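**Student:** Sending over a structure as structure tokens; questions will come in a sec.
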Amino acid sequence: MIGDRAQSRLFSEEEIRTLAPRFVSLLKRVFGGQGNKPYDFISRAGRELDPSQVHTVLNFVDGNASRGFKAPKSDD
């Protein structure tokens, strides 16, 4: 879980569908490596994020929230 549990919320289905196309690009930026699916970066065991990685994920989510969850342009 990332963020403040008291202020966290679940994304709606629409928000997830809007963010999903850019999610793999985010994972590539955060973790590095190759892959086309979230599982290629996270796996069943999950991943531990360092503070800078947490900020990258939060900036991605917060930036999209402030734009009405419109997916950012691809930086691939």
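The values are calculated or read from the model by the stated rules, or taken from the named source; none is laboratory data. Computed from a predicted model, the values in this text were never measured in an experiment. In this analysis, Cβ positions are derived from the backbone assuming ideal geometry, glycine residues included, and neighbour counts consider all displayed protein chains.
**Student:** Can you tell me which residue among 76, 50, 62 is at pLDDT 85 or above and of a type in the set (Asp, Glu)?
**Tutor:** Matching residue, one of 76, 50, 62: 50.
**Student:** Could you tell me whether residue 31 is touching a Lys or Arg at 6+ places or on another chain (Cβ under 7 Å) and either modelled with pLDDT under 85 or surrounded by 13 or more Cβ atoms within 10 Å (Cβ to Cβ) (or both)? Break it down into steps so the answer makes sense when it comes.
**Tutor:** Working: touching a Lys or Arg at 6+ places or on another chain (Cβ under 7 Å): yes; either modelled with pLDDT under 85 or surrounded by 13 or more Cβ atoms within 10 Å (Cβ to Cβ) (or both): yes.
So residue 31 fits the description; yes.
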